[in-house]
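Worksheet: one structure, shown below.
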Amino acid sequence: MSLLEVNGLDVHYGDFQAIYGLDLRVDEGETLAVIGANGAGKSTLLKTIAGLMRPTAGDILYEGASLTPVPSYQRVPKGISLTPEGRKIFRSLTVEENLKVGAHIKRPGPWNLQSVYEAFPLVADRRDRLGVNLSGGEQQAAAIGRALMSNPRLLLLDEVSLGLAPVVVEQIYDAIPTITGNGTTVLVVEQDVNQALKVADRVQCLLEGRTVLEGPPSSLTRDEIAAAYFGI
Amino acid sequence: MQWLNAIIQGILLGGLYALLAAGLSLMFGVMRIVNLAHGVLAMLAAYLGVVFVNNLGLPWFLALVIVVPIMAAVGYVLQWGLFNRAISKGGLAPLLVAFGLAVVLTQLLQQIFSADSRSIQIGALGTSSIQVSDTIYIGWFPLMTFVVGVLVIAGVQVFLNRAPLGRAMRATSDDPETVNLMGINNRQVYALATALAMATVGLAGMFIGTKTQFIPTYGDLVLIFAFEAVIIGGLGSLWGTLVGGIILGVAQTVGSQINPSYGLLVGNLVFLAILAFRPQGLLPKAVTT
Amino acid sequence: MSTPTETHAHATVTSHAKVKRSTRSSWAGLGIAVPVVLFMAAAPYIIDRGFQQQLVTLFSLVVLATMWNLLAGYGGMVSVGQQAYIGIGAYGLVYLADTLGLDPFLAVPLSVIIAGLLSIPISFLAFRLVGGYFAIGTWVIAEVVKQITMQVDALGAGIGLSLTSLNELSPGRRIAYVYWLSLAAVVIAVAVTYFLMRSRLGLGFTAIRDDQVAASSLGVRVTHSKRFVFVVSAMGCALAGGMIAANTLRITPDSIYSVNFSAFMIFMVIIGGIGTIEGPIVGAIVFFALQEWLSDLGTWYLIIIGVLAIVITLFLPRGLWGLISGNGRIRLFPVGYRLVNPIERFGRHPD
Ligand SMILES: Nc1ncnc2c1ncn2[C@@H]1O[C@H](COP(=O)(O)OP(=O)(O)OP(=O)(O)O)[C@@H](O)[C@H]1O
Ligand SMILES: [Mg+2]
């Protein structure tokens with residue numbers, strides 16, 4: 001049984017359909033990267049898994065049970081945690097307060113203030129700074145730290161690299177082995193294909209709301225990926 | 001000496017206004033609702049006080065202990081039943097719903113309790129005072145009101161700064177969708193915030209209903225005083241609200257000292273002057289997001 | 001936290017959106033409105049004085065609802081203080097006509113102008129607040145106007161004034177003249193709102209309604225447009241105040257500056273349908289009918305109407321007119337394409 005199983009998922013924004021009959025699965029312990037161009041539906045997929053959006057058809061199974069009736073805030077105690085696109089750091093709270101809000105439900109596990117600070121020195125240095133005053137990279141690191149504070153079983157990361165300097169992206173991706181090493185399964189969404197290929201055990205490429213390519217990085221050629229990515 | 005007395009009485013009155021304003025400020029701070037029914041809800045608490053103290057003969061302090069949780073429950077139910085729905089509609093809906101509630105509740109109180117003026121009885125405590133000098137007396141009840149006002153402001157501030165739920169309220173205020181990703185139900189946070197706000201309104205209603213002869217439409221004035229205290233002090237700052245309440249209180253008592261019919265007018269004019277010359281208020285919150 | 005201060009956008013209108021506004025139903029609208037107005041104008045020859053006076057009350061409600069809708073439904077400003085201008089209009093009429101001896105039918109437009117002038121400095125104060133705080137702010141300003149009125153002996157202080165200069169006319173003429181004045185006021189209020197909303201200003205408001213930040217960056221002069229609407233609405237409310245004074249012949253500060261006028265305006269607009277020309281008219285008629293029908297119930301009528309307004313806000317945000325017109329498919333007075341309903345959209349906080 002997969003940890004997460006998405007079956008025939010349709011998602012709409014009003015009349016506009018963003019995802020068409022999508023299938024996806026993530027096994028415990030593996031790292032799946034979902035890639036795709038702008039507007040492919042990656043963020044929509046993650047928001048639907050996290051419960052911020054409702055599918056119009058299809059189902060999402062987590063630990064074998066349907067998530068459909070579960071509101072977003074009840075998915076966190078089950079172990080699903082999303083670092084949203086745009087980071088969404090609480091602006092008037094300090095970094096440390098942001099982390100504490102992440103731990104609001106007190107789900108037990110290896111992650112706490114201490115271990116987050118160790119994994120993200122960038123965050124530790126800024127612990128007393130207000131969210132509004134953080135740089136993009138600091139926000140991203142703090143947002144991942146905040147998501148980890150709920151000790152997720154499945155961590156959903158949306159566009160970690162967006163708008164960040166390569167060095168910072170590097171630093172943040174360096175923490176992913178620590179995260180998976182602590183027993184968390186990671187589903188990462190990326191536009192930066194190289195980063196995705198580096199961390200992922202398996203890659204799934206979306207185009208306009210549909211899967212166009214899937215497999216372990218080693219089995220896929222660059223040309224195959226490029227063709228799928230751009231739909232050519 | 002009369003002037004000094006007016007100022008002292010005004011400061012004490014300011015504590016009451018800060019107490020009135022705390023809930024208005026809290027609801028706005030957490031969910032951006034300006035609760036136009038704030039004043040009449042304070043009147044609801046005051047009428048509950050009349051029922052428990054005057055009609056059922058309970059001791060004043062016992063009535064207080066009963067009215068506050070009742071009001072908190074009223075707040076919780078109102079939020080789930082009315083305001084959360086209105087918020088999900090967005091736009092003007094919360095404001096219009098709050099206004100409708102204010103009108104309906106005022107008329108209901110009028111139906112139930114008539115438009116005769118009432119006051120909660122408190123016995124000797126209502127009239128006893130400390131003599132400070134030949135002409136200056138400080139009433140025990142106004143003093144107690146002031147102390148409670150300051151304590152409530154301080155308590156809410158500490159709660160928001162330190163308590164996990166207070167932190168969750170601030171986070172929800174920043175971004176009500178994202179807190180759901182932290183396992184926090186923003187609607188439940190709203191309901192708890194309104195419950196807390198209404199608990200302070202319960203306190204405020206008991207105190208104002210004891211101090212003043214009131215009728216249901218007195219809630220209009222309560223709303224206006226609370227609002228003026230909030231704006232004079234600066235949005236988002238509870239200590240500012242205390243300062244705003246004191247300035248309003250002093251303006252009113254000094255105005256009444258000039259001419260008994262000037263009290264309200266001078267208070268309003270001071271408010272308008274601050275709006276004109278210092279629209280951010282006296283102690284605005286340092287960080288605005 | 002957002003601050004109560006208004007952001008000022010300074011730029012010029014650049015966008016020229018093409019919007020087709022006249023539809024077949026709008027010709028029908030004119031086809032209905034003209035005969036109705038002509039028929040109503042003949043009423044004093046047909047119906048008795050009591051009924052005429054009742055219709056003047058209804059007309060004043062229509063004007064008030066239309067003006068509140070102009071403010072909130074198009075301009076996004078929820079005011080709870082329009083009674084300030086009702087009072088100014090009413091006191092203006094009585095003072096100019098009785099004390100200064102002006103012709104009452106000249107005094108009405110004059111006091112409307114005075115109210116408009118006063119609303120300009122007032123707008124600078126009120127516009128420092130937004131949303132719900134704007135609402136209470138306008139209320140405080142109305143209270144101040146009332147309290148100042150009560151300090152002026154020439155205005156009857158706390159007791160109020162009676163309008164006597166109309167008594168030179170026979171009661172039949174007096175009532176008929178006031179009736180025609182009021183009918184004209186309705187036509188003016190509706191026409192002004194209609195043409196304002198069809199103008200470039202109205203288009204700008206559609207943009208503001210959709211997204212204030214985007215609108216200001218597109219060059220819509222948000223604050224200026226709002227101030228203009230604020231002043232027009234004040235003048236319309238003053239006109240209604242004059243109608244009320246001429247109809248009842250007696251004003252007191254407590255009644256003419258009553259916040260209940262705001263309650264009526266808000267309820268009429270919500271019930272009828274906010275953000276349309278037709279909605280407030282429908283709302284005023286329904287409100288008036290309910291008031292008459294429920295008058296035996298005392299204050300219960302306000303409770304019932306208030307509950308109705310809450311329910312409509314939550315479950316039928318386009319109001320009765322939305323229901324009648326099939327959610328906007330029929331437009332007697334099309335003022336441009338409405339993209340969103342203001343109840344659902346205004347004031348949403350940009351994150
Ligand atoms: N709030 C919204 N309302 C309407 N359409 C939306 C909304 N959000 C996204 N969409 C549309 O849904 C589609 C998928 O968007 P989504 O954000 O999931 O893409 P994405 O793959 O995350 O893109 P990016 O890499 O740019 O973040 C796009 O066509 C987008 O325009
Ligand atoms: Mg995305």
In the stretch A:1-60, anything within 13 Å of ligand 2 (Cβ to nearest atom) and among the polar types (S, T, N, Q) is listed as A:Asn38, A:Ser43, A:Thr44, A:Thr48
Just one listed residue, out of A:Ser219, A:Ser150, is crowded, with 19+ Cβ neighbours inside 10 Å and either farther than 26 Å from B:Ile184 by Cβ or small (Gly, Ala, Ser) (or both), and it is A:Ser150
Residue by residue through the stretch B:133-187, note down the ones that are under 19 Å from B:Ile246 (Cβ atoms), aliphatic (A, V, I, L, M) and under 19 Å from the mean Cα position of the chain (by Cα).
B:Leu143, B:Met144, B:Val147, B:Val148, B:Val150, B:Leu151, B:Val152, B:Ile153, B:Ala154, B:Val156
Only one residue in A:Gly109, A:Gly181 is free of Cβ contacts under 8 Å to residues at least 12 places away in the same chain, away from ligand 1 (no atom under 16 Å from the Cβ), open to solvent by 40 Å² or more (accessible area, probe 1.4 Å) and small (Gly, Ala, Ser). Which one?
A:Gly181
Single match in B:Thr241, B:Thr288, B:Thr200 (criterion: at pLDDT below 95 and open to solvent by less than 20 Å² (accessible area, probe 1.4 Å))
B:Thr241
Looking at the stretch C:318-351, which of the residues that are modelled with pLDDT of 70 or more and open to solvent by less than 20 Å² (accessible area, probe 1.4 Å) is nearest to B:Asp174 (Cα to Cα)?
C:Gly319
Report, by residue number, each residue of the stretch B:31-48 that is open to solvent by less than 10 Å² (accessible area, probe 1.4 Å) and in a helix (DSSP H, G or I).
B:His38, B:Gly39, B:Val40, B:Leu41, B:Ala42, B:Met43, B:Ala45, B:Ala46, B:Tyr47
Name every residue in the stretch B:183-197 that is at the interface with another protein chain (Cβ under 10 Å from one of its Cβ atoms) and either over 15 Å from A:Val101 (Cβ atoms) or open to solvent by 20 Å² or more (accessible area, probe 1.4 Å) (or both), in order of residue number.
B:Asn185, B:Asn186, B:Arg187, B:Gln188
Restricting the stretch A:112-132 to residues that are in contact (Cβ under 8 Å) with a residue 40 or more places away in the chain and within 14 Å of chain B (Cβ to nearest Cβ), which is surrounded by the most Cβ atoms within 10 Å (Cβ to Cβ)?
A:Gly131
Using beta carbons and a limit of 9 Å, which pairs, at least six apart or on different chains, have the first residue in the stretch A:28-56 and within 14 Å of chain B (Cβ to nearest Cβ) and on the phi > 0 side of the Ramachandran plot and the second one surrounded by fewer than 19 Cβ atoms within 10 Å (Cβ to Cβ) and of a type in the set (S, T, N, Q)?
A:Gly51/A:Gln74
In the set A:Lys78, A:Lys88, which member is in a loop (DSSP other than H, G, I, E, B), more than 16 Å from ligand 2 (Cβ to nearest atom) and surrounded by 17 or more Cβ atoms within 10 Å (Cβ to Cβ)?
A:Lys78
Can you name every residue in the stretch C:158-170 that is under 27 Å from the mean Cα position of the chain (by Cα) and either without any contact (Cβ under 8 Å) to a residue 24 or more places away in the chain or part of a strand (DSSP E or B) (or both)?
C:Leu161, C:Ser162
From B:Ile232, B:Ile258, which residue is under 25 Å from C:Asp254 (Cβ atoms), aliphatic (A, V, I, L, M) and more than 9 Å from chain C (Cβ to nearest Cβ)?
B:Ile258
I'm trying to understand the selection: among the residues of the stretch A:184-196, which are away from ligand 2 (no atom under 16 Å from the Cβ) and either charged (D, E, K, R) or open to solvent by 40 Å² or more (accessible area, probe 1.4 Å) (or both)?
A:Asn194
Given the conditions (1) surrounded by 18 or more Cβ atoms within 10 Å (Cβ to Cβ); (2) part of a loop (DSSP other than H, G, I, E, B), report the number of the one that A:Val203 does not fulfil.
(2)
Just give me the residues in the stretch A:35-75 being near ligand 1 (Cβ under 9 Å from one of its atoms) and surrounded by fewer than 17 Cβ atoms within 10 Å (Cβ to Cβ), in sequence order.
A:Ala37, A:Asn38, A:Gly39
Would you pick out the residues in the stretch A:7-54 that are assigned to a strand (DSSP E or B) and closer than 17 Å to A:Ser81 by Cβ?
A:Val26, A:Thr31, A:Leu32, A:Val34
Scan the stretch A:61-72 for residues that are in contact (Cβ under 8 Å) with a residue 12 or more places away in the chain and either within 16 Å of ligand 2 (Cβ to nearest atom) or not in a strand (DSSP E or B) (or both) and report the count.
7
With respect to B:Asn180, is the statement that it is crowded, with 20+ Cβ neighbours inside 10 Å, part of a helix (DSSP H, G or I), modelled with pLDDT under 95 and within 11 Å of another protein chain (Cβ to nearest Cβ) true?
no
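Residue-wise test of (1) within 16 Å of ligand 2 (Cβ to nearest atom); (2) touching a helix residue (DSSP H, G or I) at 6+ places or on another chain (Cβ under 7 Å); (3) assigned to a helix (DSSP H, G or I).
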site	(1), (2), (3)
A:Ser150	no, yes, no
A:Leu155	no, yes, no
A:Leu162	yes, no, no
A:Ile172	no, yes, yes
A:Val212	no, yes, no
A:Ala227	no, no, yes
Of the residues A:Ala103, A:Ala143, which is within 14 Å of another protein chain (Cβ to nearest Cβ), within 16 Å of ligand 2 (Cβ to nearest atom), surrounded by 20 or more Cβ atoms within 10 Å (Cβ to Cβ) and closer than 24 Å to B:Asn161 by Cβ?
A:Ala143
C:Gln52 fails exactly one of the following numbered conditions: (1) part of a helix (DSSP H, G or I); (2) within 14 Å of chain B (Cβ to nearest Cβ). What is the number of that condition?
(2)
When you check C:Ala189 against the structure, is it closer than 27 Å to C:Leu70 by Cβ, touching a Ser or Thr at 6+ places or on another chain (Cβ under 8 Å), among the aliphatic types (A, V, I, L, M) and part of a helix (DSSP H, G or I), yes or no?
yes
Restricting attention to the stretch C:294-307, which residues are surrounded by fewer than 20 Cβ atoms within 10 Å (Cβ to Cβ) and modelled with pLDDT of 90 or more?
C:Ile304, C:Val307
What number of residues within the stretch A:184-209 are within 16 Å of ligand 1 (Cβ to nearest atom) and closer than 20 Å to A:Tyr62 by Cα?
5
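The values are calculated or read from the model by the stated rules, or taken from the named source; none is laboratory data. This is a predicted model, so every value here is computed, not measured. A quick note on method: Cβ atoms are made from the backbone with ideal geometry, for glycine too, and the neighbour counts reach across all protein chains shown. SASA here: full protein model, heavy atoms, side chains in, ligands and nucleic acids out. Shrake-Rupley method; radii C 1.70, N 1.55, O 1.52, S 1.80 Å.
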